[in-house]
Amino acid sequence: MLLCLLLQQLFGSYCLTEPNTGSDSANMQTTAKKVGGDYVINGSKCFISGGSASDVYVVMCKTGNRCTLRIFLTLLSIGEKEISAILVEKGTPGLSFGKHEEKVSDFFNIQVNF
């Protein structure tokens, strides 16, 4: 999937901004926990350019631990609450979309829930 993004065969969205904390990554509320071989993400992101039109979402979330590179890329550490980027494919169970927000230079800005 990552190679397809790099080759521009898939359309991706970057998901950082949250309804309650904005783009303040230190106070991010979205979390991911490993359950079996998968990660379960809990949280909401807003103002996602591309919104429901994207094929894949690069979701920023707190994991609190280090995981293997093949699952996701660790971007930075803040104390013991590590922030990671997890790739989530469109159609993943639990992925839902909120209302379309009217913004300047708007391109499908909507809320994405995990």
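For the listed peptides 8-21, 44-57, a ranking on the average number of other beta carbons within 10 Å per residue, highest first, reads 44-57, 8-21.
By the scheme Lys and Arg +1, Asp and Glu -1, what is the net charge of all other residues having a beta-carbon under 12 Å from that of Ser96?
Neighbourhood net charge equals +3.
On full extension, the segment bounded by Lys99 and Asn20 gains 26.8 nm, given 0.36 nm per residue less the C-alpha separation. Counting only lysines at least 8 places from Lys99 when in the same chain, those with an alpha carbon closer than 23 Å to its own are Lys45, Lys90.
Computed from the coordinates by the stated procedures, all read-outs in this text should not be read as laboratory data. Just so it is clear, the model here is predicted, and its values are computed rather than measured. Every residue, glycine as well, gets a Cβ built from its backbone with ideal geometry; the counts of neighbours run over all protein chains shown.
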